[in-house]
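The values are calculated or read from the model by the stated rules, or taken from the named source; none is laboratory data. The model shown is predicted, which means the values in this text are computed figures rather than measured ones. Using ideal geometry, Cβ is built from the backbone for each residue, glycine included, and neighbour counts are taken over all protein chains shown. We work out accessible area using only protein heavy atoms, side chains counted, and drop any ligands, DNA or RNA first. Shrake-Rupley method; radii C 1.70, N 1.55, O 1.52, S 1.80 Å.
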Amino acid sequence: MSRATPWLLVALCAPCAAWADWTVNLTQGVTDISREVYGLHMLIFWICVAIGVVVFGVMLWALIHHRKSRGAEAHNFHENVAVEITWTIIPFVILIAMAVPATATLVKMYDQSEAELDIQITGYQWKWRYQYLGEDIDFFSSLSTPQTQIGNEESKGEHYLLEVDNPLVIPTGKKVRFLVTANDVIHSWWVPDLAVKKDAIPGFINEIWTRVEEPGVFRGQCAELCGKDHGFMPIVVEAKSEADYQQWLAEMKQAKSSQAAAAEKTWTLAELMESGQQVYNRTCAACHGPDGGGLPGVFPALKNSPIALGDPAAHIDIVMNGKAGTAMQAFRDQLSAVELAAVVTYERNAFGNNTGDLINPADIAALKQ
Amino acid sequence: MSTLEQTAAAGELTEHHHGPASGIGRWLFTTNHKDIGTLYLWFSFIMFLTGGCMALMIRAELFQPGLQLIEPAFFNQMTTMHGLIMVFGAVMPAFVGLANWMVPMMVGAPDMALPRMNNWSFWILPFAFAMMISTLFMDGGAPNFGWTFYAPLSTTYAPPSVTFFIFAVHMMGISSIMGAINIIATILNLRAPGMTMMKLPLFVWTWLITAFLLIAVMPVLAGVVTMMLMDIHFGTSFFNAAGGGDPVLFQHVFWFFGHPEVYIMILPAFGIVSEIIPTFARKKLFGYASMVYATASIAFLSFIVWAHHMFTVGMPLVGEVFFMFSTMLIAVPTGVKVFNWIATMFRGSMTFETPMLFSLAFVVLFTIGGFSGLMLAIAPVDFQYHDTYFVVAHFHYVLVPGAIFAIMAATYYWIPKWTGRYYNETMGKVHFWLSFIGVNITFFPMHFIGLAGMPRRIPDYALQFADFNAVASVGAFIFGFSQLIFLYNVISCIRSGKKASSEVWEGSHGLEWTLPSPAPYHSFTEPPVVK
Ligand code: HEM
Ligand SMILES: [Cu+2]
């Protein structure tokens with residue numbers, strides 16, 4: 001509060017003064033498009049300010065001078081066609097002046113040609129999936145802020161709620177095209193610094209592009225209400241120079257093959273339970289609850305549930321393939337074989353479900369083929 | 001005028017007494033426009049407080065970053081119910097209540113044209129809202145998909161209570177349509193001799209146009225919720241891409257209703273302000289005819305701008321450009337209105353009683369909302385604003401100091417006519433100033449948070465938004481609690497206010513002020529002659 005109070009006074013007294021210097025204005029961003037958008041924003045803003053000064057100025061003048069307590073007598077005019085036509089036409093002209101540059105920018109934004117890299121972005125409840133077309137790179141990106149910070153048990157980090165486990169990495173200097181879609185409900189992929197916001201709509205693919213010149217990290221959030229954890233699915237984009245980008249690509253491919261190797265090794269129940277718990281808290285707890293209790297009427301409990309206590313094959317099936325027509329997603333592609341095996345094992349043995357079943361990663365790997 | 005004579009004759013045959021019936025029956029079975037107006041207004045105020053409590057719950061959670069008071073799932077239910085209750089329960093019924101009270105008196109009629117239907121259109125509402133609010137106690141909770149209920153979040157992924165929500169919306173729609181038919185029938189048929197269309201008070205004009213908007217778009221809303229019902233229970237796929245449907249279709253249909261709907265919530269407010277400013281400026285309204293034409297143009301344009309709510313869904317370029325231009329065009333007739341109000345004040349002889357204060361605040365703050373509307377209309381920039389707090393700031397500026405302030409101004413302005421007594425002026429001014437300050441502290445900072453990048457409808461936020469959120473929450477509590485002053489003022493006015501004359505205000509003009517205060521139970525039993 002103490003820091004905010006002076007701001008507030010300024011805000012109320014002089015909404016227009018020195019706006020551009022405030023960190024609370026729209027970002028200029030890092031692309032040509034975002035700077036153009038910022039320019040349009042400031043242009044329309046100052047036009048509004050100018051109109052406001054004139055209109056409110058006249059009003060204020062009248063409020064001061066034409067009050068009965070000052071002895072003002074009411075005049076008797078109530079029509080003037082010339083004046084009325086003038087103040088219809090002037091705004092019209094201003095609007096046209098505004099519409100021209102706005103349309104020009106819009107046309108540039110819609111120019112999808114000559115993209116050098118295509119990345120498919122898929123919104124899931126409540127994470128993002130990034131697939132690099134033609135590169136065999138495919139990963140999910142979800143919030144990495146610990147639950148303890150959200151629950152106020154621990155102090156909040158610098159990038160509270162704006163940090164993810166796997167950022168989207170793009171090369172600088174290249175026109176990158178995003179193909180945006182969704183798996184369940186509508187989401188919206190928004191990174192203010194790129195001036196890119198596009199709805200992710202299940203069954204449809206929207207296109208949008210960007211070109212970042214300098215390396216950097218840019219943060220955004222899902223902008224379309226998408227259910228319970230809508231506020232917890234941030235976006236982080238890392239722009240890397242071409243060399244760093246190539247290195248990142250190589251590392252990603254490397255990681256993928258070591259993942260495959262991990263599935264071949266033999267896992268103990270304790271090991272699976274340990275990593276299963278991590279996967280569960282990261283991926284499943286949002287709906288089924290950290291204690292497996294679910295959310296009555298919306299998300300079923302796993303504690304004592306017929307699936308978790310019954311046939312392991314059915315359990316594996318619903319986790320891998322989801323349940324159509326419900327919020328239960330298919331995790332086949334979201335999780336590695338080890339993670340799938342671990343989380344199913346965990347669900348069958350945690351929350352008092354002590355079935356003693358151990359699901360073998362190698363079996364899942366076979367199912368995934 | 002034959003309808004008028006018939007109504008008057010029927011009144012004489014069936015009712016030999018001229019006062020209201022007594023007991024609860026008076027309210028349950030009433031066909032009197034004043035009683036029904038009163039019912040609407042009290043209902044709306046109760047909904048306003050209910051929706052307000054939800055807003056305060058939201059603002060309390062958002063006071064600081066982190067989750068303190070409510071869970072995200074419940075937070076979404078609160079934002080959804082807040083929006084639905086305020087739109088359909090507070091603002092719309094308040095305007096219908098004002099129309100019930102004032103339209104017959106302003107056109108010189110004894111009552112509304114269709115009094116029995118009038119009773120019915122009110123009494124549906126409490127049931128509709130009881131049903132909707134009861135969803136809070138159901139398994140899975142209340143609707144949690146926002147007042148715009150985009151599919152498939154509101155269909156495939158909705159809590160089971162969505163079915164009750166759909167039926168509640170149907171009932172509200174029926175109520176609104178019947179109310180609108182009644183208002184149109186009254187205005188077109190029950191005008192006093194000499195009351196030509198271009199002599200109608202502006203409140204009556206704006207309501208007439210609003211009523212046509214209602215009749216045009218409430219069926220569209222009913223259609224879209226019925227399609228949802230089909231998708232949820234009968235296996236259709238209107239909005240389900242997997243079945244060949246289209247989630248974007250939902251948004252087109254919804255906003256085809258939704259944008260005219262936002263004008264339904266502001267046109268009667270324009271009418272109210274156009275009544276009040278001339279009274280307290282002691283000067284005729286400037287540009288009466290252009291006000292009527294501007295209202296009609298706004299109503300027309302409101303049908304061709306809907307997709308400005310959908311700039312980010314991936315429309316083709318031409319679509320974007322069309323909706324951008326048409327939306328910008330709305331600023332022209334809106335500007336005309338603002339200029340006319342100011343020209344009315346100019347060289348008037350103004351005094352600043354509470355209704356005037358609320359109206360002046362309306363002119364300024366609504367205009368600020370218009371400015372942000374214009375900014376939002378610029379499609380390439382809207383990509384940055386869309387679904388952020390900037391939009392929240394925009395529509396709260398047009399709806400709270402817009403629609404709500406106008407409703408309050410109307411109440412202060414006409415309550416002496418309704419009750420025969422003045423409200424307490426000092427208390428009215430205190431209420432005004434607290435509301436004015438509270439509203440600005442709440443919603444002005446939202447422009448900043450939105451520009452800085454905070455999405456709307458989130459229960460927790462990044463640290464850079466913290467200061468302004470705290471400020472906004474403080475403002476919300478100031479605004480919320482100052483409404484209790486309003487309540488107290490109204491009650492004490494009814495009970496023990498100073499007696500009012502029939503003119504009530506020094507500068508008042510119009511048929512309603514020729515009736516005694518309080519206005520008789522059957523407004524004009526003899527049609528007045530308008531010269
Ligand atoms: C000059 C006149 C106006 C213009 C140009 C305008 C423009 C817009 C635009 C472009 C949006 C969409 C923003 C977005 O979602 O990105 C919007 C949202 C909205 N406007 Fe306006 N507007 C105007 C006046 C009004 C009035 C008079 C009202 C109601 C009294 C109103 C109520 C709303 C509401 C409720 C929303 C948000 C709906 C939602 O997404 O929940 N606007 N306006
Ligand atoms: Cu609109």
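Details
- Loss of accessible area when A meets B, both sides summed, Å² nearest 100, probe 1.4 Å: 8700 Å²
- Taken over the protein assembly as shown, the alpha-carbon convex hull comes to 167 cubic angstrom per residue.
- Qualifying lysines (Cα of each under 18 Å from Cα of A:Lys265; at least 8 residues distant if same chain): A:Lys256, A:Lys368
- Fraction of C-alpha pairs exceeding 23 angstrom in region B:207-350: 49 percent, rounded to a whole number.
- Bins of 20 Å, starting at 0 and running to the largest distance - Cα pair percent for chain A: 22, 44, 23, 9, 2
- Residues in region A:54-63 carry Karplus couplings, in order, of 5, 5, 5, x, 4, 4, 5, 4, 5, 4 Hz; the curve used is 6.51 cos²θ - 1.76 cosθ + 1.60 with θ = phi - 60°, and Gly or Pro positions show x.
- When both region B:236-254 and region A:47-117 are represented by their alpha-carbon centers, they are found 39 Å apart.
- Share of Cα-Cα pairs in region B:387-528 lying beyond 19 Å, as whole percent: 60 percent
- With only the Cα atoms considered, region A:161-308 has a convex hull volume of 154 Å³ per residue.
- Span from the region B:339-368 Cα centroid across to the region B:26-81 one, whole angstrom: 29 Å
- Amide H contacts of A:Val164: A:Ser144, each under 5 Å away and 5 or more positions distant or on a separate chain (H built 1.01 Å from N in the peptide plane; Pro and chain starts excluded).
- Shown in residue order for region B:468-485 are the 3J(HN,Hα) couplings computed by the Karplus curve 6.51 cos²θ - 1.76 cosθ + 1.60 at θ = phi - 60°: 5, 5, 4, 4, 4, 5, 4, x, 4, 5, 4, 4, x, 6, 5, 5, 5, 4 Hz (x for Gly and Pro).
- Sequence of A:Glu207, A:Glu339 when ordered by accessible area, the most exposed leading, probe 1.4 angstrom: A:Glu207, A:Glu339
- The equivalent ellipsoid that matches the C-alpha gyration tensor of region B:132-255 spans semi-axes of 37, 16, 11 angstrom, in descending order.
- In the context of the full set of protein chains, residues of chain B present 31 Å² of accessible surface per residue (probe radius 1.4 Å, heavy atoms only).
- Against the main long axis of the alpha-carbon atoms of chain B, helix B:72-84 sits at an angle near 30°.
- With respect to chain A, whose longest principal axis is taken over its alpha-carbon atoms, helix A:4-13 is tilted by about 30°.
- Region A:263-368, relative contact order in percent, only Cα pairs under 8 angstrom and at least six apart counted: 33 percent
- Highest-first arrangement of B:334-346, B:489-501, where packing means the average Cβ count within 10 Å: B:334-346, B:489-501
- Surface exposure of chain A, expressed per residue as accessible area with a 1.4 Å probe, stands at 45 Å².
- Hull shadow area, averaged, region A:140-216 [alpha-carbon convex hull, nm²]: 6.2 nm²
- Among the residues of A:149-157, the average count of other protein chain beta-carbon atoms within 10 Å of the residue beta-carbon is 3.
- Across the accessible surface of the protein assembly as shown, with the other protein chains kept in place and a 1.4 Å probe, carbon and sulfur atoms take up 64 percent.
- Charge dipole (chain A, unit charges on Cβ, about Cα centre) - positive-most of A:Ala313, A:Ile47, A:Thr103: A:Ile47
- Expressed per residue, the C-alpha convex hull volume of region B:267-369 stands at 94 Å³.
- More than 16 angstrom apart: percent of Cα pairs within region A:263-368: 52 percent
- For region B:306-463, the Stokes-Einstein estimate of translational diffusion at 37 °C and a viscosity of 0.692 mPa s comes to 187 µm²/s, using the Kirkwood hydrodynamic radius over alpha-carbon pairs.
- Heavy atoms of B:His522: accessible area, 1.4 Å probe, square angstrom to 10: 40 Å²
- By DSSP, the beta bridges lying fully in the protein assembly as shown are antiparallel in about 70 percent of cases.
- The angle between the Cα long axis of helix A:312-321 and the longest principal axis of the Cα atoms of chain A comes to about 30 degrees, rounded to the nearest 10.
- Shielding by partners, peptide B:343-355 (average Cβ within 10 angstrom, other chains): 6
- Under 5 Å, built H, 5+ apart or other chain: amide partners of A:Phe204: A:Ala182
- Extreme residue, positive dipole direction of chain B, given options B:Ala151, B:Leu221, B:Thr30 (C-beta unit charges): B:Thr30
- Contact with the other protein chains removes 40 Å² or more of accessible area, compared with the isolated chain and a 1.4 Å probe, from these residues of region B:378-398: B:Ile378, B:Pro380, B:Val381, B:Phe383, B:Gln384, B:Asp387.
- Along its first, second and third principal axes, ordered by size, chain B spans 63, 52, 46 Å in Cα coordinates.
- Summary of the geometry: region B:461-483 and region A:269-304, compared by the centres of their Cα atoms, lie 35 Å apart.
- Straight-line cross-link reach from A:Lys174 at under 23 Å between alpha-carbon atoms covers these lysines, not counting any fewer than eight positions away in the same chain: A:Lys108, A:Lys197, A:Lys198, A:Lys240, A:Lys253.
- Across A:Lys253, B:Lys531, the residue with the most accessible area heads the list, and the full order at a 1.4 Å probe is B:Lys531, A:Lys253.
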